[in-house]
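Below is one structure, written out as structure tokens; the observations come after it.
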Amino acid sequence: MFKFKEWFHHHHHDNVREGELTPYHYTNPYLIGLLLGIVLLLTFVIMGRGLGASGALSTVVAMIVNTVSPETAHHNSFYMGYLGDGEHNPLKNWLIFQMIGVVIGGFISGAIAGRTKFIVSKGPRITNKKRFLFAFIGGTLMGFGAKMARGCTSGQGLTGGSLLSLGGWTFMFATFAGAYAFAYFVRRQWT
Amino acid sequence: MNLPLYKFGFFNDEVSLIVAFVIGIAFGFVLERGGFGSGRMLAAQFYFTDMRVFKVMFTAITTAIIGLFYLSWIGVLDLDLVYISDTYVLPQAVGGFILGIGFVIGGYCPGTSGVAIATGKVDAIFYGLGGFFGIFLFGEVFPYIENFFNSTYMGRITLPEYFNLSYGVVVLFVILLAIAGFTAADWGEKVMAKKKSAQIEEG
């Protein structure tokens with residue numbers, strides 16, 4: 001007999017999450033993928049656009065640069081692209097509101113599952129300090145790469161991929177290539 | 001029915017921000033529930049120890065692709081009105097590759113780091129700071145790489161257009177690719193699990 005509850009609360013052997021293991025397991029990956037796909041589809045049919053993330057961070061960076069040195073910002077078309085015409089507040093932006101929602105939604109899910117604890121996500125063979133350094137370096141590469149690619153895993157991967165965009169699929173293959181090519185060198189961080 | 005709603009003027013810009021907020025909550029909730037709030041879980045897919053992130057991602061993309069195809073086929077959705085960002089092949093390949101390296105080193109991507117910070121992952125805060133710094137770095141070198149950034153421009157182009165195939169055929173290809181991917185992922189997990197238990201037995 002098909003047992004929905006067991007299937008839904010996907011229990012599988014846990015060699016990844018010790019320390020992060022929680023009272024409620026994660027939902028079955030195919031079911032949660034279906035739900036994520038429906039959220040994405042709803043975004044397309046309601047808004048006529050997809051989801052994103054790095055664009056919101058870029059707006060914040062552009063605003064900081066503009067505050068510290070308006071001269072720099074105004075001579076750089078990259079920053080100006082996020083600052084707009086000066087008549088509207090750049091923070092009154094679709095992606096900014098979406099990202100605020102993401103943080104709240106993530107917190108709600110974590111709170112329900114009992115996963116809101118201050119921890120460092122890492123393997124057992126690396127110190128916290130080193131993990132923080134790697135996280136910073138990885139974040140830097142990610143920020144740079146996302147801007148070069150005109151979007152991140154959300155904007156080019158999920159969204160561009162779903163719309164069958166040539167650039168989106170190019171991006172996805174390149175991302176997985178980069179990650180798998182480099183995984184060996186940072187294996188001590190995760191495994 | 002006329003979809004996308006926003007493009008047919010069903011609501012204004014102010015309301016669209018509320019929509020963004022609500023959709024964001026759903027997006028964040030599903031990501032966390034999928035395991036995307038943990039850097040270790042996200043990185044596990046690159047070692048074949050746990051492929052759930054890969055499975056979630058490709059199930060989501062396949063679901064959305066089928067949904068878009070169906071809604072446009074029955075005539076309720078005008079796909080031409082859905083915004084698709086322009087393709088710049090080389091910058092997107094190079095940017096994606098750099099981002100992939102950042103993914104496996106840092107453990108997150110921009111969206112998932114938001115969910116990770118919300119659930120108390122301290123490393124994700126450092127990741128987020130790095131993300132801001134990387135964007136700033138890009139902004140500062142932008143004048144020097146602007147030519148490359150705008151190179152290999154192909155406009156709004158989709159796989160069916162590029163390969164000169166019908167939309168339905170490409171959708172079918174993607175479904176088959178996803179099934180192959182899931183099978184490979186399951187196989188990879190089994191191989192790694194065997195390897196691990198063998199190591200434990202050897203002690």
Seminar exercise, completed: Taking segment A:10-39 and keeping only residues that are at pLDDT 90 or above and either more than 7 Å from every other protein chain (Cβ to nearest Cβ) or under 24 Å from residue B:186 (Cβ atoms) (or both), one is left with A:28, A:29, A:30, A:31, A:32, A:33, A:34, A:35, A:36, A:37, A:38
Problem set entry | Conditions (1) under 26 Å from residue A:191 (Cα atoms); (2) within 7 Å of another protein chain (Cβ to nearest Cβ); (3) free of Cβ contacts under 8 Å to residues at least 60 places away in the same chain; (4) not in a loop (DSSP other than H, G, I, E, B); number of the one not met by residue B:53 | (2)
Problem set entry | Only listed residue being within 26 Å of residue B:45 (Cα to Cα), touching a residue at least 60 places away in the same chain (Cβ under 8 Å), at the interface with another protein chain (Cβ under 7 Å from one of its Cβ atoms) and not β-branched (Val, Ile, Thr), chosen from B:134, B:111 | B:111
Problem set entry | Verdict on residue A:101 being at positive phi and either in contact with a Pro (Cβ under 9 Å, 6 or more places away or on another chain) or not hydroxyl-bearing (Ser, Thr, Tyr) (or both) | no
Problem set entry | Only one of B:68, B:42, B:77, B:81 that is in contact with a Leu (Cβ under 6 Å, 6 or more places away or on another chain) and of a type in the set (A, V, I, L, M, F, W, C) | B:77
Problem set entry | Pick from segment A:72-90, criterion out of contact with any helix residue (DSSP H, G or I) (no Cβ under 7 Å at 6 or more places or on another chain) and outside any helix (DSSP H, G or I), ranking: surrounded by the fewest Cβ atoms within 10 Å (Cβ to Cβ) | A:87
Exercise. Right, residue B:35: buried (at least 24 other Cβ atoms within 10 Å of the Cβ) and facing chain A (nearest Cβ under 7 Å) or not?
Worked result: yes
Exercise. Scanning for something under 24 Å from residue B:87 (Cα atoms), more than 15 Å from the chain's Cα centre (by Cα), at the interface with another protein chain (Cβ under 7 Å from one of its Cβ atoms) and part of a helix (DSSP H, G or I), does segment A:135-147 turn up at least one residue?
Worked result: no
Exercise. Is segment A:167-175 home to any residue that is over 28 Å from residue B:79 (Cα atoms) and assigned to a helix (DSSP H, G or I)?
Worked result: no
Exercise. Pick from A:101, A:155, A:151: which is within 17 Å of residue A:52 (Cα to Cα), at the interface with chain B (Cβ under 7 Å from one of its Cβ atoms) and out of contact with any helix residue (DSSP H, G or I) (no Cβ under 6 Å at 6 or more places or on another chain)?
Worked result: A:151
Problem set entry | Residue list for segment A:163-191, filter: touching a Gly at 6+ places or on another chain (Cβ under 7 Å) and among the small types (Gly, Ala, Ser) | A:167, A:168, A:174, A:177, A:178, A:179
Problem set entry | Set A:62, A:53: member being within 30 Å of residue B:79 (Cα to Cα), modelled with pLDDT of 90 or more and touching a Leu at 6+ places or on another chain (Cβ under 8 Å) | A:53
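This table checks each residue for (1) of a type in the set (A, V, I, L, M); (2) surrounded by 19 or more Cβ atoms within 10 Å (Cβ to Cβ); (3) in contact (Cβ under 8 Å) with a residue 12 or more places away in the chain.
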{"residue": "B:98", "(1), (2), (3)": "yes, yes, no"}
{"residue": "B:117", "(1), (2), (3)": "yes, yes, no"}
{"residue": "B:148", "(1), (2), (3)": "no, no, yes"}
{"residue": "B:191", "(1), (2), (3)": "yes, no, yes"}
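The values are calculated or read from the model by the stated rules, or taken from the named source; none is laboratory data. What you see is a predicted model; the values in this text were computed from it and never measured. Counting neighbours? That spans all protein chains shown, and the Cβs are built from the backbone with ideal geometry, glycine included.
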